[in-house]
Each structure stands twice: as structure tokens, then as C-alpha cells.
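The values are calculated or read from the model by the stated rules, or taken from the named source; none is laboratory data. Because the structure is a prediction, the values reported are computed rather than measured. Here the Cβ is made from the backbone with ideal geometry for all residues, glycine too, and neighbour counts use every protein chain on show. Ligands, DNA and RNA are excluded from the accessible area calculation, which covers all protein heavy atoms including side chains. Shrake-Rupley method; radii C 1.70, N 1.55, O 1.52, S 1.80 Å.
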Amino acid sequence: VGFIPSPPSKTSRTSNSRQRINNANDGWSRSAASNDDENDNTELELFDTASFNDADSITRRRLMLSLLTSASFAPFAANAINTNAATGTSSTSSTLLASTAAEAATIHIIKPPLDKRSYDTFTLPNGLRVLLCSDPSSTSGAVAMNVHVGACSDPLEIPGLAHFCEHMLFLGTDKYPEEGAFSKFLSANGGTNNAFTDSEKTVYYFEMDGSINARFSEALLRFGSFFSGPLFTESATGRELNAIDSENSKNLQNDVFRLYQLEKDRVNSDHPYSKFFTGNKSTLLEGTKRQNINLREQLVKFYETYYSANEMSLAVVAPQSLSQLRKFVTDGFGSIPNREIDPPKGDWIYKVKPYGTSVNRRVPAEKTIVEIVPIQELRQVTITWPIMFASKEEREAFRLNKPDYFVSSLLGHEGVGSLLS
């Protein structure tokens with residue numbers, strides 16, 4: 001469980017990745033680094049842990065997060081899409097265009113012609129968007145929930161609150177009050193779970209043996225209770241502060257996080273992306289006491305303000321049929337409250353410029369070279385340029401067409417006739 005700068009990772013982070021996207025602000029930052037030999041393996045590294053390094057497991061998790069991203073961020077479209085419009089192989093993740101039932105009469109999912117898996121997307125009555133993938137060829141199941149709120153929505157007086165909320169959801173719910181009960185259940189069923197807090201989203205995910213219907217459906221019930229009835233007990237609140245503080249202390253000696261913080265210092269200080277996202281005891285405990293703020297009350301308020309079914313997206317990939325998965329999802333997540341909230345970034349997106357010659361910031365940005373002394377033995381050159389959007393339509397068109405991926409591929413290609421050759 002942790003705050004992840006970019007890209008999302010469970011335990012390891014690639015410090016020399018050629019491309020890095022920070023999807024905060026009303027612009028994304030695209031970075032190009034000289035140490036690009038790891039780029040092609042970056043996505044694999046994110047999931048290559050000691051306990052889950054088999055090819056099937058890695059492929060499933062890559063697919064899961066691909067589904068989640070598509071369900072969460074793809075622009076809505078009312079027109080039908082040709083299901084054979086995309087080409088590829090069965091080993092590549094599907095390209096998906098999802099739309100809520102209210103906004104599209106017919107939804108077709110784009111997938112490679114050789115992909116034999118079945119897909120479905122729908123919206124629960126409470127507004128939760130769902131994307132399902134049935135894969136009978138595997139025995140594993142993987143699930144991810146994207147909550148559309150991140151550290152950019154931290155109150156100014158409590159840096160790190162979104163990250164703290166992420167931690168607390170694992171520590172007991174109304175239906176399953178025992179702390180760590182979900183992790184114990186997964187361990188008994190060959191699974192694991194984790195989460196990360198990003199600038200505009202918080203993602204919770206798990207993987208387990210999905211071959212037994214009763215166990216997988218129970219896992220979805222337990223997971224769903226995170227978002228319908230977390231306890232936020234006083235005792236757990238106090239203890240989990242130590243975990244947050246320990247995580248931040250570890251990050252202080254990590255060059256990736258140090259570079260990430262420097263990047264934030266170059267952003268307009270009036271923009272929420274410049275905030276301290278991780279949090280520590282100083283901001284969450286000492287700072288709140290000094291300001292006479294009740295931390296637990298603010299934690300509950302944050303959850304009740306932003307954790308709403310209409311601002312969440314769920315992705316499930318498992319061996320069960322689509323009809324079975326739909327029932328499991330309905331039972332497990334149908335009780336999440338719909339507070340009918342607007343996206344939390346409405347106060348600042350397209351209104352507060354993240355960069356510019358006239359903005360306030362702690363470190364210069366434009367036309368500036370910053371030299372950094374690393375902790376590790378590291379030599380790296382990074383060139384960063386922001387891509388800022390003037391409107392929601394412009395941003396969604398960019399996310400759908402992904403022109404930056406084409407540029408990155410051209411710059412990073414290492415074959416005959418490439419820049420490297």
C-alpha cells in the first residue's frame with residue numbers, strides 16, 4: 001500500500017524509465033531520459049514480484065490495469081465501434097472504449113482479432129462503471145477499483161490525507177471488522193492485494209485463485225465492503241500513522257521520489273499538483289493537533305465527500321462466465337453509496353495553470369537546467385515538456401488517440417534506422 005508517483009507500482013519503481021506520465025493537472029508531463037534500456041520492460045517490472053512472476057500472472061495483471069484505465073478514462077461515445085478495428089495478438093492487452101449505459105445505446109469493445117476472451121461493460125444502478133473480462137483459459141482472478149480522487153484533493157491543511165484514507169480502507173469494515181481480514185483471506189487463497197494513491201485517482205487491486213466460484217465471489221464481497229462501509233477506527237487511525245511515516249522516510253532515500261518531488265517544486269505553487277502527497281506524522285498528526293483538527297473526523301469527511309459510486313470504475317478479469325461475473329459484481333458492489341458528486345478536480349482543472357512564466361514556484365521550470373546529486377550511483381539526463389489542455393474535450397481526445405505514444409515510440413525505437421542506430 002503506498003503513494004506512487006508514476007507509473008503505478010506495487011513494490012518496485014523504475015528510476016531509469018525513458019517515459020513517465022504524470023496525469024495530474026490539466027496537462028500531462030512527458031519525460032525522456034537517456035537511460036532508455038529499461039523502457040520496454042517497465043510495465044513488466046511493475047508486476048514482477050517474487051511471489052507473482054509467472055507469465056500468466058503478469059499478463060493478467062497487465063490486462064487488468066489496461067481494462068481499468070480504459071474504463072476510467074476513455075471518452076464516452078454513443079456510436080458503435082467495429083470490434084475488429086484493432087489488430088494485435090492474444091498476448092497484448094485489449095484496447096477498449098467504454099461508455100455508460102445512459103450515454104450509449106450500444107457498446108462495442110475493440111479487441112485484437114486473435115483475442116478469444118469475452119468482454120462486457122455496464123453501469124450498476126448506483127452509477128458504478130464496470131468492465132468485465134471472462135478468461136476460461138486461466139485459473140486466476142484479478143480485480144481493480146479506481147476511485148476518482150487523489151492527492152490533488154488533499155485539504156491544504158492536511159497534506160497526505162488521500163493517501164492515509166487509502167491505507168485505512170484495509171483496516172476493517174462493517175461486514176468484516178477484523179483488521180487485515182481481507183489480506184488473510186487472500187493469503188489463504190493464493191492471492192495478494194495492494195493499492196496506490198496518485199494525483200487524481202486512488203486504485204485498489206487484488207489477485208487470487210479464481211477457479212472456485214464461492215471463494216472468488218466472497219473475495220468480491222469483502223473487497224466491495226471497503227467502499228460501502230469502512231470503519232476508520234480510532235485505534236487503527238493512530239497505528240497506521242506509523243506506516244505512513246515509515247513509507248515517507250523510506251522515500252527520502254529513493255532517487256525516484258526525490259526527482260518526483262523536485263518536479264512538483266517546479267509546478268505553480270497555487271496548483272494542487274505542487275502539494276506534498278505522501279504525508280507523514282508531521283502533516284497528519286503534529287500538524288492537525290497544532291491546528292486543533294480532529295484527524296479521524298477529517299478522514300471520514302474526505303471519504304464521505306469523494307468516495308461515491310458514480311466516480312468509481314471497476315475492472316474484473318476471471319475464468320467465470322460474464323453472467324456469473326456480473327452477478328458477483330452486483331452482489332459485491334451494488335451497495336456502494338452514490339453521492340452524485342462531480343469530479344473533484346472541478347475547482348482547478350483548466351483554471352489554474354500548472355506552468356507559465358508568471359506563476360509562483362519554488363524551483364524554476366522553463367528554459368532551466370537543474371543538476372541533482374543522486375543518492376545512488378546514477379547518471380541520467382531527463383528532458384521534460386508539459387502538454388496542457390484548454391478543455392475537457394481536448395484532454396479526452398488526447399487520451400483516446402495517444403499521440404505522445406507515437407512520438408515516444410519513434411524516439412525510443414532501437415532498430416535499424418532508429419536514432420540509436
Summing +1 for each Lys or Arg and -1 for each Asp or Glu, what net charge is found among the other residues whose Cβ lies under 12 Å from the Cβ of T288? +1
Take peptides 344-351, 200-207 and line them up by average Cβ neighbours within 10 Å, highest first, as a rough protection proxy. 200-207, 344-351
On the protein heavy atoms, probe 1.4 angstrom, tell me the percent of accessible surface of segment 137-183 carried by carbon and sulfur. 55 percent
When the scattering of segment 294-389 is computed by the Debye formula from its Cα atoms alone, each counted once and equally, what is log10 I(q)/I(0) at q = 0.12, 0.13, 0.17 Å⁻¹? -0.82, -0.87, -0.95
Relative packing of peptides 225-237, 243-255, 288-300 - highest average C-beta neighbours within 10 Å first: 225-237, 243-255, 288-300
Which three extents, in angstrom, do the Cα atoms of segment 139-215 have along their principal axes, listed largest first? 46, 24, 16
Segment 161-228, relative contact order in percent, only Cα pairs under 8 angstrom and at least six apart counted: 32 percent
Place a label point 7 angstrom from the Cα of E396 along the Cα-to-Cβ direction, then list the residues of segment 339-357 whose backbone nitrogen is under 16 Å away. 342-346, 350
Local charge sum around E366 (other residues, Cβ-Cβ under 15 Å, Lys/Arg +1, Asp/Glu -1)? +3
Debye log10 I(q)/I(0) for segment 181-283, one point scatterer per Cα, at q = 0.13 Å⁻¹: -0.68
What are the lysines whose alpha-carbon lies under 25 Å from the alpha-carbon of K250, with same-chain residues fewer than 8 places away excluded? K10, K201, K264, K275, K281, K289
For Cα pairs less than 8 Å apart in space and 6+ apart in sequence, what is the mean separation divided by the residue count of segment 256-339, i.e. the relative contact order in percent? 20 percent
Expressed as a whole percentage, what fraction of the accessible surface of segment 216-368 belongs to carbon and sulfur atoms when a 1.4 Å probe is rolled over the protein heavy atoms? 47 percent
With every protein chain left in place, what is the accessible area per residue of segment 254-337 in square angstrom, probe 1.4 Å? 39 Å²
Please compute the net charge surrounding T357, taking Lys and Arg as +1 and Asp and Glu as -1 over other residues with Cβ under 12 Å from its Cβ. +2
